[in-house]
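The values are calculated or read from the model by the stated rules, or taken from the named source; none is laboratory data. The structure presented is a predicted model; accordingly, all values stated were derived computationally and were not measured. Quick reminder, even Gly has a Cβ in these numbers, built from the backbone with ideal geometry, and neighbours come from all protein chains shown. What goes into the accessible areas is simple: the full protein's heavy atoms, side chains included, and nothing from ligands, DNA or RNA. Shrake-Rupley method; radii C 1.70, N 1.55, O 1.52, S 1.80 Å.
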Amino acid sequence: MSSLEAGERERLINDVVKYLLILDQKKIPIKKADINKHVLKESSKAFPHVIREAAKRLEHLFGISLVELEDKHKGSFILVNNLELDKDSYHLTWSEEEECKQGLLIVVLSIIFMSGNVVTDSQLWSALKKFGVDQDQTHEVFGNVKKLITQEWARQCYLELTTLPNTDPPIVEVRWGQRVHQETTKRKILEYVSKIHGIEDVSHWRSQFADVQKSERAEGDQPTTSSQTT
Amino acid sequence: MTQNQLYIIVEMRRKDTRHTMQKLKSSHHMFIQAFMTRGVMNGTEVFNLLKLSCEKYGDYDEASRTQLLLDYCHTINSNISMLGLEIKKGKDETNGTGYYGLVNTVESNITLLASQYTENELQFFKMLLEEFVKSESGTIGSIEALGISEKIPKKMSKTDANQLLDRFEREKWIGKSKEGRMYLGIRGVMEMEQYIFEMFEDFAVRCNMCKKLCIQGARCMNGECETRMHFHCAQRVFRGKSEKRCPECRGPWQESSQTRQADQVEME
């Protein structure tokens, strides 16, 4: 960074901030390689410093956290809202199509969670059939659901799809994607499921409730980061 | 325009160093996040947002809300100016309604659209812009608008073009009158002003009164005089005057029902 003057440094940080804001709209994780290619270019060496400052700026100006993903998505970033979004904060608006998709997503996430955090794709499709959603038919609201689940949501890290090796026909396991852990909690999903069933007490769901408690204990042990969910 | 609204415009233009780099709170974040998703909001919506944000994360006093709005915009603007962003106030060219929007002040504003539209769709929009700016009335008919689908690099079906135009309208980039004529909407006017002055400098005109870009407006009826004013600006200038005279050449000024010969041909 010492080879860059202050003014140039500022410009790069601001350009990265804008780049992140614009690209995050697609909800696809933003790759370090792309940031270097399109924004930093010859100054790629400055990436660590620039990304750190850009993260600070996003927090300060917009209340948004920059989160680096892990494991197979390491080296890519998503933006997470620091503000708690509840039914009163209708300051954000989405299109009707978006809202419907979100509704379906919550259903899918619920199915996965209630089944012990993983389901096979065939189990998922069976469960969704009960909701009138079929992988082979174009849904009048959600459209091509197969594409939505296996491609769009997988790419956006809402779902994590893993094909099991040595299986024929191939078995695909579906889990929550890393983004989900940033945007909501197991407790919230359990509360949602309870509500639908008209049950007040979430501890009614023994194993799932134990899962919630275990996760919350684990999170409590970790040092708090700027990317807390709620 | 009330005294209050005039005050807001003057205040927002003045650089107020009190607010420079003041730390932003969650209420500010909520306020600006709404702009990021909605693009533009009218006066009522903005005050509702202000109330929501302040009640949730701070204090809200209905009586001083005008000053509070000013403070919020100033504080946020002084902080986000480094990104070339600004919360600006603009007016709808068809009715003079005030709107607030988050706009790019620096580079070509096309980049902001870039993430939400394909390259081909952007080309469509750029051509639409050109049509609006070059037209006499600042409006074009739907047939002309659809015709653009043939001129873009990758031809688009009329159905797709229609859908695209609907989307532009929904997001307030363009507007549509009762008669089905299309014009540059409030968001387009606010965001694209700089781009239009740069790209179409021979055609882009400033309103004689407010000095901002004027695409739809009334004009001097004197063929040689190019003076134009927004309808709502002209209303203010001629208030209480029995005769409407061009502020530049003193020639006769366009009455709302009158159109110059050029406009007549275009409308048919």
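Values as computed for the structure displayed
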{"read-out": "All positions within the range B:137-152 that are out of contact with any strand residue (DSSP E or B) (no Cβ under 9 Å at 6 or more places or on another chain) and acidic (Asp, Glu)", "value": "B:150"}
{"read-out": "Considering residues of the range A:44-57 that are open to solvent by 30 Å² or more (accessible area, probe 1.4 Å) and either of a type in the set (Lys, Arg) or under 18 Å from residue A:73 (Cα atoms) (or both) only, the residue farthest from the other protein chains (Cβ to nearest Cβ)", "value": "A:45"}
{"read-out": "Single residue of A:22, A:112, A:106, A:51 found to be over 30 Å from residue A:162 (Cβ atoms) and of a type in the set (A, V, I, L, M)", "value": "A:22"}
{"read-out": "Unmet requirement for residue A:71, which otherwise passes all of (1) under 20 Å from the mean Cα position of the chain (by Cα); (2) over 22 Å from residue A:194 (Cβ atoms); (3) open to solvent by less than 70 Å² (accessible area, probe 1.4 Å)", "value": "(3)"}
{"read-out": "Any hit, the range A:160-167, residues being touching a Leu at 6+ places or on another chain (Cβ under 7 Å), within 20 Å of residue A:80 (Cα to Cα), crowded, with 17+ Cβ neighbours inside 10 Å and at pLDDT 95 or above", "value": "no"}
{"read-out": "Residues located in the range B:25-65, provided they are in a loop (DSSP other than H, G, I, E, B) and either under 20 Å from residue B:89 (Cβ atoms) or at pLDDT below 90 (or both)", "value": "B:39, B:58, B:59, B:60, B:61"}
{"read-out": "Residue among B:48, B:95, B:120 that is more than 13 Å from chain A (Cβ to nearest Cβ), open to solvent by 30 Å² or more (accessible area, probe 1.4 Å) and of a type in the set (S, T, N, Q)", "value": "B:95"}
{"read-out": "Candidate set: the range A:20-38, residues that are in a helix (DSSP H, G or I) and more than 10 Å from every other protein chain (Cβ to nearest Cβ); chosen: the one nearest to residue A:98 (Cα to Cα)", "value": "A:20"}
{"read-out": "Given (1) open to solvent by less than 60 Å² (accessible area, probe 1.4 Å); (2) closer than 30 Å to residue B:73 by Cβ, number of the condition residue A:11 does not satisfy", "value": "(1)"}
{"read-out": "Residue match in the range B:71-82 (condition: buried (at least 22 other Cβ atoms within 10 Å of the Cβ) and more than 9 Å from every other protein chain (Cβ to nearest Cβ))", "value": "yes"}
{"read-out": "Test result for residue A:41, among the basic types (Lys, Arg), away from chain B (no Cβ under 14 Å) and either free of Cβ contacts under 8 Å to residues at least 60 places away in the same chain or touching a Ser or Thr at 6+ places or on another chain (Cβ under 7 Å) (or both)", "value": "yes"}
{"read-out": "Residue A:179 under 30 Å from residue A:66 (Cβ atoms), open to solvent by less than 60 Å² (accessible area, probe 1.4 Å) and basic (Lys, Arg)", "value": "yes"}
{"read-out": "Residue check, residue B:228 under 27 Å from residue B:129 (Cα atoms) and at pLDDT 90 or above", "value": "yes"}
{"read-out": "Scope the range B:33-45; condition open to solvent by 30 Å² or more (accessible area, probe 1.4 Å) and touching a Phe, Trp or Tyr at 6+ places or on another chain (Cβ under 8 Å); matching residues", "value": "B:36, B:37, B:42"}
{"read-out": "Among (1) polar (S, T, N, Q); (2) within 14 Å of another protein chain (Cβ to nearest Cβ); (3) exposed (fewer than 15 other Cβ atoms within 10 Å of the Cβ) - the single one residue B:67 does not satisfy", "value": "(2)"}
{"read-out": "Every residue from the range A:74-117 that is closer than 28 Å to residue A:51 by Cβ, more than 11 Å from chain B (Cβ to nearest Cβ) and open to solvent by 40 Å² or more (accessible area, probe 1.4 Å)", "value": "A:74"}
{"read-out": "Neighbours by Cβ (under 8 Å, 6+ apart or cross-chain): first from the range B:30-44, more than 7 Å from every other protein chain (Cβ to nearest Cβ) and touching a residue at least 12 places away in the same chain (Cβ under 8 Å); second charged (D, E, K, R) and not in a strand (DSSP E or B)", "value": "B:39/B:171; B:39/B:172; B:39/B:187; B:40/B:172; B:40/B:187"}
